[in-house]
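Worksheet for the structure shown next.
The values are calculated or read from the model by the stated rules, or taken from the named source; none is laboratory data. Please read all numbers here as calculations on a predicted model, not as lab measurements. Cβ placement follows ideal geometry from the backbone for every residue including glycine, while neighbour counts extend to all protein chains displayed.
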Amino acid sequence: MKELSSYTDLRAIYTDTLIDIAKEDTRLLVLEADLMSATGTKPFLEAFPSRLINVGVAEANMVGIASGLSSQGFIPFVNTFGCFATRRAYDQFFLSANYAKQNVKLVGTDPGVTATYNGGTHMPFTDTALTRVIPDLVVVEPCDGLSLHHILKLLYTHQGSSYLRLQRKGNATVHAPDQKFELGKGIVVKDGSDVTLVATGVLMMQQALEAQRLLAKMNISAAVIDMHTVKPLDKDLVLSYAKKTGALVTCENAQMIGGMGSGVAEFLSETYPAVVRRVGVKDLFGEVGPLDYLINRFELTPKRIVDEALVALALKK
């Protein structure tokens, strides 16, 4: 593949990574529900015509087929919009893939407000909450192209089903080229001593980093953690920064109810009670609109993160 920093579209990194893996392993298959243009997997079809299966607009059936293929030793990567991946195909993914202990890699694109003009019906605010409650499921959301590339390789070698939230557009640079990745292990992007910002995904990592800069201008030292694996949560890292800063703000492009922030709060409430504030969608349905409007409409902004950090610091005192 090309140098990762040269990509301008995360979909291309996703597809090219799968192509590289597929060259070495004939077990890897890609399944689509008639959304190849949206998910960016047409190059995979061109490279391996017999190894991409387009089932049509039948997401539940697609997950069922993938589960059957997994039972025969294949490694299926299953792609559709996040709303369809988790709402329309939830029963099949829960039972046929996870309960049956299969090896299905479900990928939901356009997480949260990044669905933009597809609107409220296509805006997956609830996918994190729905997948977090499936036993033993790995749930991930990379924050840049480098983490996407490496996490995909980790999901490929992981024996068991997974859910990947994939933002399609852009390619932010967060991690250094030599950064190591491990499922279930968060990464400290910026160290700090006063408050900890725990972010997941492309959009909210950028918002958290901007909030960190704004807080620094106020002489507040904020750590920023990339919690790329929502489940299993990196409890050791969360605990260490709860002890270090005593105040945490979680940042996610999803419903706060049942999301990554809920996981952090649940864990700390039982182990080391610390101040936890959450930034995310506040029990709302999605809307149609451009990304900038939606970010402000649902308060997924650096200002909101800063405000919550100030509340957390006040409560800590």
### Message
Being among the charged types (D, E, K, R), farther than 18 Å from residue 4 by Cα and out of contact with any Pro (no Cβ under 6 Å at 6 or more places or on another chain) is the requirement here; does residue 234 meet it?
### Response
yes
### Task
Scan the range 215-269 residue by residue and report those that are among the aliphatic types (A, V, I, L, M) and in a helix (DSSP H, G or I).
215, 216, 237, 238, 239, 242, 260, 264, 265, 268
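For (1) assigned to a helix (DSSP H, G or I); (2) outside the structural domain of residue 18 (by TED's automatic domain parsing); (3) among the charged types (D, E, K, R), each residue gets a yes or a no:
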| position | (1), (2), (3) |
| --- | --- |
| 139 | no, no, no |
| 152 | yes, no, no |
| 159 | no, no, no |
| 173 | no, yes, no |
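Looking only at residues in the range 271-317 that are of a type in the set (Gly, Ala, Ser) and under 20 Å from residue 82 (Cα atoms), which one is nearest to the chain's Cα centre (by Cα)?
280
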### Message
Would you confirm whether or not the range 170-192 contains a residue that is buried (at least 17 other Cβ atoms within 10 Å of the Cβ), charged (D, E, K, R) and farther than 18 Å from residue 234 by Cα?
### Response
no
### Message
Here is a check on your reading of the model: is residue 20 more than 18 Å from residue 162 (Cα to Cα) and not in a helix (DSSP H, G or I)?
### Response
no
### Neighbours by Cβ (under 8 Å, 6+ apart or cross-chain): first from the range 46-61, under 19 Å from residue 91 (Cβ atoms); second in a helix (DSSP H, G or I) and of a type in the set (Val, Ile, Thr)
55/65
